[in-house]
1. What whole-number value in Å² describes the accessible area per residue of the stretch 92-166 for a 1.4 Å probe?
2. Among residues other than Pro12 whose Cβ falls under 14 Å from its Cβ, what is the net charge (Lys/Arg +1, Asp/Glu -1)?
3. Could you calculate the FRET efficiency of Thr92 with Ala47 from 1/(1 + (r/R0)^6), where r is the beta carbon distance between them and R0 is 35 Å, rounded to 0.05?
4. Along the positive direction of the dipole of the stretch 60-176 (beta-carbon charges: Lys, Arg +1; Asp, Glu -1; about the Cα centre), which of Val159, Phe145, Ile97 reaches farthest?
5. In the stretch 83-140, what percent of the accessible surface is made up of carbon and sulfur (1.4 Å probe, ligands and nucleic acids excluded)?
6. About the Cα centre of the stretch 1-144, what is the dipole size in debye to 20, counting +1 per Lys and Arg Cβ and -1 per Asp and Glu Cβ, all else neutral?
7. Quick one: accessible area per residue over the stretch 1-64, 1.4 Å probe, rounded to a whole number of Å²?
8. In square nanometres and to one decimal, what's the mean projected area of the convex hull around the Cα atoms of the stretch 1-142?
Amino acid sequence: VMNGPSAPTWLPGAGARMLSYLFRGAPAQMPIPWDAVYLARWTGFVAQLGVRYQGSTDISLVHMTHSTYNGFEMQLPFTPPDLIAWQQAGYTEDLEIGSWRSVLDAFRAAFPAHPLDVDVHPVLGSDRVAQDVVAHGNSTIGARFGVFAAWWSQNNTGVYPGMFALLRQAAGASFA
């Protein structure tokens, strides 16, 4: 289930704070990841997905998504104007980490028997968010938790060395 620029258009009208940015050259909006209105709506939606699908044997993996640049990977918009907008929105790594922990906890509760993964990516140039999110997933979801990287291939292991380390770690502990 995609999020970020694919978030429902009614969300701002419900009181969620949004960040405007360019997505592939077109104007886009995404919910501020730690916004209380957005998080309540998103985690409530995830809970309803669990009610509907947690018993499904047709689902072999649930990819945990959150409000991100493209709605799939962990990254946030990061051009110079975006960085200013994040500062104005009050961004801190701790707020971002807290929002991801809430999202992982919601998916864990909604899908107690399915494997769950998250796509790791540096967030605004830092590895700390991904590292903490993976640690939280490992400690709360255990062997059902895996790490994914849609950006990775065998030819670019040096692009994000911190993320590649998380992939290698996950491959040894559970799955990647």
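The values are calculated or read from the model by the stated rules, or taken from the named source; none is laboratory data. Note that the coordinates shown come from a computational prediction; the quantities given were computed from them, not determined experimentally. For neighbour counting, all protein chains shown are included, and Cβ atoms are generated from backbone atoms with ideal geometry for every residue, glycine included. When the accessible area is computed, the model is the full protein with side chains, heavy atoms only, and any ligands, DNA or RNA have been set aside. Shrake-Rupley method; radii C 1.70, N 1.55, O 1.52, S 1.80 Å.
1. Values: 2990 Å² over 75 residues.
I get 40 Å² per residue for the stretch 92-166.
2. Working: positive: Arg17, Arg41; negative: Asp35.
Neighbourhood net charge equals +1.
3. Details: r = 27 Å, r/R0 = 0.76.
My answer for the efficiency is 0.85.
4. Final value for the positive-end residue is Phe145.
5. On the way: 1160 of 2270 Å².
Roughly 51 percent of what the probe reaches on the stretch 83-140 is carbon or sulfur.
6. Numbers: 8 positive and 12 negative charges, 74 e Å.
Its charge dipole is roughly 360 debye.
7. Details: 3670 Å² over 64 residues.
Averaged over the residues of the stretch 1-64, the accessible area is 57 Å².
8. Values: hull surface 33.2 nm².
About 8.3 nm², averaged over all directions.
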